[in-house]
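Participant: Take this structure first; my questions come after.
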Amino acid sequence: MTQGIKAAAVILMAAFIAAPAFAQTSGADTYKKCVMCHGADGLATSTMAKNMKVLSFKDPAMLKATDAQFIASTTNGKGTKMPAYKDKLTSAQIKDVVAYIRTLQK
Ligand code: HEC
């Protein structure tokens with residue numbers, strides 16, 4: 001009986017540890033589509049990024065932006081150069097990729 005409870009606790013703990021790691025991987029995977037403009041580190045330092053006036057995700061304005069704003073911009077696009085992803089990504093993928101962008105801001 002105690003053994004059973006211990007095993008259940010271990011399985012539960014494994015699920016808790018595995019879940020966020022999985023979410024991060026999928027967000028990171030989706031982010032590969034964004035790297036050419038935003039840069040792998042999100043700092044938008046490439047010549048192309050500068051030409052397109054992509055802001056670093058560490059810019060104060062980007063640090064202040066809400067998740068809702070990032071989700072809206074990714075879904076519907078922004079300005080003339082930031083593409084809309086509503087037909088390419090699911091809303092769950094957009095949420096995950098925004099969560100991944102948050103990790104780049106740390
Ligand atoms: C073709 C280049 C390009 C690609 C690819 C691209 N972006 Fe952008 N992104 C931009 C530009 C340019 C801006 C700045 C737009 C502006 O402020 O006018 C921007 C801005 C943003 C912003 C800030 C929007 C805001 O509200 O200020 C977010 C969030 C963002 N991009 C997310 C993404 C995500 C997520 C992906 C990949 C799924 C992606 N971008 C792919 C060019 C790109």
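Participant: Does Thr75 qualify as being more than 8 Å from the ligand (Cβ to nearest atom) and part of a loop (DSSP other than H, G, I, E, B)?
Facilitator: Numbers: more than 8 Å from the ligand (Cβ to nearest atom): yes; part of a loop (DSSP other than H, G, I, E, B): no.
It is false that Thr75 is more than 8 Å from the ligand (Cβ to nearest atom) and part of a loop (DSSP other than H, G, I, E, B).
Participant: Now for a separate question. What's the number of the condition Met62 fails, among (1) near the ligand (Cβ under 7 Å from one of its atoms); (2) without any contact (Cβ under 8 Å) to a residue 40 or more places away in the chain; (3) of a type in the set (A, V, I, L, M, F, W, C); (4) in contact with a Leu (Cβ under 8 Å, 6 or more places away or on another chain)?
Facilitator: Result: Met62 fails condition (2) only.
Participant: Among the residues of the stretch 52-67, what is the count of those that are assigned to a loop (DSSP other than H, G, I, E, B) and among the hydrophobic types (A, V, I, L, M, F, W, C)? Steps first, please.
Facilitator: First pass over the stretch 52-67, keeping only residues assigned to a loop (DSSP other than H, G, I, E, B): 52-59, 65-66.
Pick out the ones that are also among the hydrophobic types (A, V, I, L, M, F, W, C) and you get 52, 54-55, 57, 65.
Residues that pass the stated criteria total 5.
Participant: If you go through the stretch 78-106 one residue at a time, how many are farther than 17 Å from Asp41 by Cα and either near the ligand (Cβ under 9 Å from one of its atoms) or of a type in the set (A, V, I, L, M, F, W, C) (or both)? First the steps, then the outcome.
Facilitator: Our first condition is that a residue be farther than 17 Å from Asp41 by Cα; within the stretch 78-106, this holds for 78-95.
Filter once more, so that each one left must be either near the ligand (Cβ under 9 Å from one of its atoms) or of a type in the set (A, V, I, L, M, F, W, C) (or both): 78-85, 88-89, 92-94.
Number of matching residues: 13.
Participant: I've got another one for you. Would a scan of the stretch 66-84 turn up a residue that is out of contact with any Gly (no Cβ under 7 Å at 6 or more places or on another chain), exposed (fewer than 13 other Cβ atoms within 10 Å of the Cβ) and among the small types (Gly, Ala, Ser)?
Facilitator: For the stretch 66-84, residues out of contact with any Gly (no Cβ under 7 Å at 6 or more places or on another chain), exposed (fewer than 13 other Cβ atoms within 10 Å of the Cβ) and among the small types (Gly, Ala, Ser): present.
Every number in this text was worked out from the coordinates using simple rules, so none of it is lab data. Quantities reported herein were computed from a predicted structural model and do not represent experimental measurements. Cβ coordinates were reconstructed from backbone atoms using ideal geometry, including for glycine residues, and neighbour counts include every protein chain displayed.
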